[in-house]
Amino acid sequence: MMTNLFSVFDPSTTIFNLSLNWLSTFIGLLLIPMSYWFMPSRYQIIWNNVLLTLHKEFKNLLGPSGHNGSTFIFISLFSLILFNNFIGLFPYIFTSTSHLVFTLTLALPLWISFMVYGWINHTQHMFAHLVPQGTPAVLMPFMVCIETISNVIRPGTLAVRLTANMIAGHLLLTLMGNTGPSMSYMLVSLLIAGQIALLMLESAVAIIQSYVFAVLSTLYSSEVN
């Protein structure tokens, strides 16, 4: 018996009081070593082209001041979130990206490292970001407060955006699926068609949200250089 609607997303598999649901986070990593043992397939070539495109885009976002190899951090972040989003669409597999514990664990260390690096190495540049160019002197104290708040809530918005988008689709799929047993055959066929359409939409959301998370992290990184 569910205590509330969101309890279906709670970790439930335990051995010796250890939650094993979070091991689903690493299922995607099991697919990577196989590519080193087989001849390059079409899927591998497509994936390499995707990574190359992301590398070029992130390099443009970071600009000439970006460090060499820093794009690989964000490509790895994109791949990890994408694998978890897609694996969570399969039945009976725990979706770790629908929990703030997981998304905040990704967003907070990134944001803190950007802030520490920026304030230590580019202090004047970071102070200049608090007051947009052309701001009247009267509004400067308010702009500093607004810019500080908008900067502080960045990891929260990153984490909540990913969590909310993933849990919304899964919740809708769960609610529609639970109404199936009480329907007639005609309505069940319509329900299955709706579920397939919603599953395709969730697949698109899985790609878009992982891309948005990686791109915003790249933009936050480029601001401290």
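Here are the numbers for the structure shown:
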quantity: Any pair with Cβ under 7 angstrom, 6 or more apart, that starts in the range 202-223 at a residue that is more than 10 Å from L62 (Cα to Cα) and ends at one that is outside any helix (DSSP H, G or I) and modelled with pLDDT under 95; calculated: E202/L89; S203/L89; A206/L89
quantity: Close pairs from the range 53-66: first on the phi < 0 side of the Ramachandran plot, partner acidic (D, E) and part of a loop (DSSP other than H, G, I, E, B), Cβ under 8 Å, at least 6 apart; calculated: none
quantity: Candidate set: the range 71-114, residues that are touching a helix residue (DSSP H, G or I) at 6+ places or on another chain (Cβ under 8 Å) and of a type in the set (S, T, Y); chosen: the one surrounded by the fewest Cβ atoms within 10 Å (Cβ to Cβ); calculated: S79
quantity: Check on L191, within 30 Å of L100 (Cβ to Cβ) and surrounded by 11 or more Cβ atoms within 10 Å (Cβ to Cβ); calculated: no
quantity: Residue list for the range 172-186, filter: assigned to a helix (DSSP H, G or I) and either surrounded by fewer than 12 Cβ atoms within 10 Å (Cβ to Cβ) or on the phi > 0 side of the Ramachandran plot (or both); calculated: L175, N178, P181, S182, Y185, M186
quantity: Selected residue [part of a helix (DSSP H, G or I), closer than 29 Å to T53 by Cβ and of a type in the set (A, V, I, L, M, F, W, C)] from L89, L110; calculated: L110
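The values are calculated or read from the model by the stated rules, or taken from the named source; none is laboratory data. All of these numbers come straight from a predicted model, not from anything done at the bench. We place every Cβ from the backbone using ideal geometry, glycine too, and count neighbours over all the protein chains shown.
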